[in-house]
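The values are calculated or read from the model by the stated rules, or taken from the named source; none is laboratory data. Everything quoted here is computed from the prediction, not taken from an experiment. Cβ coordinates were reconstructed from backbone atoms using ideal geometry, including for glycine residues, and neighbour counts include every protein chain displayed.
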Amino acid sequence: MVEFQKLSPFFFPFIDSDSRFAGDFYYDLHIHTTASDSFIKPEFLKSFVKNKRYLLSVTDHNEISGAVELYEKGIGVVPGIELGCEDGFELLVYFKKMADLEEFYVKEVEQYKNIKRMAKTHRNIYEYLDVLQGWECHKSIPHICGIVQKNFINNKPYIYDVIKLVDSLETHNHALSLIRNLEAAELRERYGLTATFGSDAHIIREAVSYYKYSNMDQKNGDKVMDYLYKIGSVSGIGQKHLLHLIKNTIL
């Protein structure tokens with residue numbers, strides 16, 4: 001099950017609030033475009049979210065041109081990027097403003113790219129965590145229980161230190177099995193973090209599969225659906241009222 005109810009309030013202002021699309025949603029905080037290693041064009045994503053309630057972040061590997069293109073096409077994306085470290089560790093980073101993402105990319109990513117390995121840069125995770133302290137952002141570890149080199153819980157000795165320095169764990173990566181996502185959810189619960197989720201799609205079929213799975217998953221979850229509708233409709237109210245609403249909806 002996708003942990004929609006564990007989403008951080010950081011993302012609430014980005015959720016489309018058009019009640020016409022309350023029953024048809026696409027919440028994807030991890031997807032790639034042709035700007036990195038995907039076959040998915042930004043034009044497709046623009047048409048795909050049409051007539052849907054959406055929360056979308058294009059998180060290309062060490063690249064932001066896909067996210068910027070969608071933003072310029074009028075799609076309210078969460079400014080995001082998937083940072084790749086020199087040892088293969090990855091970190092999803094989301095910003096409040098596109099201008100912040102662009103500035104961060106120019107200052108802290110572009111000059112450190114690995115021209116031979118697109119998904120890597122010449123920086124380590126602690127360097128990134130250090131510079132990110134100066135930015136209003138949200139940090140999430142993707143596919144923490146993934147396979148082979150992306151099984152960070154097993155192949156990164158420092159992983160438990162890093163978990164304590166981020167905001168969320170990605171607890172549904174549609175490219176992974178249910179058991180691996182459940183393991184990530186257990187870690188999230190143990191450390192008291194919020195959740196991110198996404199398709200991690202590189203081809204259209206993967207994005208569509210995640211969309212269908214998400215909506216099917218919620219057909220028997222009216223309470224969650226009501227929660228999603230409410231947070232998408234109240235982003236303009238005061239924080240105290242919003243927290244009260246969340247508490248009464250979830251509990």
Helices (runs of 4 or more DSSP H) wholly inside segment 114-170 that include at least 1 residues being of a type in the set (Asp, Glu) and surrounded by 14 or more Cβ atoms within 10 Å (Cβ to Cβ)
125-132
If you go through segment 168-219 one residue at a time, how many are touching a residue at least 40 places away in the same chain (Cβ under 8 Å) and within 17 Å of LEU91 (Cβ to Cβ)?
13
In segment 20-95, which strands (runs of 3 or more DSSP E) lie fully inside it and hold 1 or more residues that are more than 13 Å from the chain's Cα centre (by Cα)?
25-31, 53-58, 80-84
Any idea how many residues of segment 172-214 are part of a loop (DSSP other than H, G, I, E, B), more than 16 Å from THR33 (Cα to Cα) and polar (S, T, N, Q)?
1
Would you please name the residue that is modelled with the lowest pLDDT, looking only at residues in segment 22-74 that are crowded, with 19+ Cβ neighbours inside 10 Å and in contact with a Lys or Arg (Cβ under 6 Å, 6 or more places away or on another chain)?
PHE25
